[in-house]
Amino acid sequence: MKPEESSDAQNPIGSQPIQPGHEARPKRRWTIFFATLALMTVVSAIIWQGCVAGTLYNCTDDNFLGYLTPGYWIHPPVIVVPVVHADADMSKPDTIKEGWSVAKLWCLWWIFVATSVLVSFVATSGRRRRS
């Protein structure tokens, strides 16, 4: 057998011949990871706006990107209220629901971020096809 015909000549590590398309797998996984992360960011922003903003807190000068601007959810003066009313005008102070704080909003935000990253990792770790 000539050296260029052996498996060692095809793969310098010497274990198995290099499979076609093997070089593209890491790029494909990163592409899937970042695409999934982008999708999860959009989903998280929609859920945040629908379930958190206006329910747990109300910033009178908030926009629809509350999830994407962490830490700027409420500004002094802030009033703690039993029920948050999302329709307050800008002349009124920001409100936060009883039992909640900016620190708890940060924790909730980090849960959203961690979930997005976890889902992205799961999306890239799908079953590997055997050739």
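The values are calculated or read from the model by the stated rules, or taken from the named source; none is laboratory data. Quantities reported herein were computed from a predicted structural model and do not represent experimental measurements. Here the Cβ is made from the backbone with ideal geometry for all residues, glycine too, and neighbour counts use every protein chain on show.
Under 30 Å from THR36 (Cα atoms) and either surrounded by 11 or more Cβ atoms within 10 Å (Cβ to Cβ) or in contact with a helix residue (DSSP H, G or I) (Cβ under 8 Å, 6 or more places away or on another chain) (or both): is that true of GLY126 in this structure?
Numbers: under 30 Å from THR36 (Cα atoms): yes; either surrounded by 11 or more Cβ atoms within 10 Å (Cβ to Cβ) or in contact with a helix residue (DSSP H, G or I) (Cβ under 8 Å, 6 or more places away or on another chain) (or both): no.
Here the answer is no, as GLY126 does not meet what is asked.
The condition (being out of contact with any Phe, Trp or Tyr (no Cβ under 8 Å at 6 or more places or on another chain), farther than 16 Å from VAL52 by Cβ and β-branched (Val, Ile, Thr)) is satisfied by just one residue among ILE79, ILE111: ILE79. For region 94-123, enumerate the residues that are part of a loop (DSSP other than H, G, I, E, B) and either without any contact (Cβ under 8 Å) to a residue 12 or more places away in the chain or touching a strand residue (DSSP E or B) at 6+ places or on another chain (Cβ under 6 Å) (or both). Within region 94-123, GLU98, GLY99, SER101 meet the criteria.
For every residue, the table says whether it meets (1) crowded, with 17+ Cβ neighbours inside 10 Å; (2) at pLDDT below 90.
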{"residue": "ASP62", "(1), (2)": "yes, yes"}
{"residue": "GLY66", "(1), (2)": "yes, yes"}
{"residue": "HIS75", "(1), (2)": "no, yes"}
{"residue": "LYS92", "(1), (2)": "no, yes"}
{"residue": "CYS107", "(1), (2)": "no, no"}
{"residue": "PHE112", "(1), (2)": "yes, no"}
{"residue": "LEU118", "(1), (2)": "no, no"}
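Give region 76-93 a look and list any residue that's closer than 30 Å to ALA38 by Cβ and either touching a Ser or Thr at 6+ places or on another chain (Cβ under 7 Å) or part of a helix (DSSP H, G or I) (or both), or say none. Correct list: VAL84 only. Which of the residues spanning region 46-75 are part of a loop (DSSP other than H, G, I, E, B), of a type outside the set (Asp, Glu), over 16 Å from VAL113 (Cβ atoms) and without any contact (Cβ under 8 Å) to a residue 12 or more places away in the chain? Once the filter is applied, which keeps residues that are part of a loop (DSSP other than H, G, I, E, B), of a type outside the set (Asp, Glu), over 16 Å from VAL113 (Cβ atoms) and without any contact (Cβ under 8 Å) to a residue 12 or more places away in the chain, region 46-75 yields only ASN63. Among residues belonging to region 1-49 that are among the basic types (Lys, Arg) and surrounded by fewer than 10 Cβ atoms within 10 Å (Cβ to Cβ), point out the one that is modelled with the highest pLDDT. Looking at the filtered set, the residue picked out is LYS27. VAL84 meets the stated requirement of being touching a Lys or Arg at 6+ places or on another chain (Cβ under 7 Å), surrounded by 15 or more Cβ atoms within 10 Å (Cβ to Cβ), at pLDDT 90 or above and of a type in the set (A, V, I, L, M).
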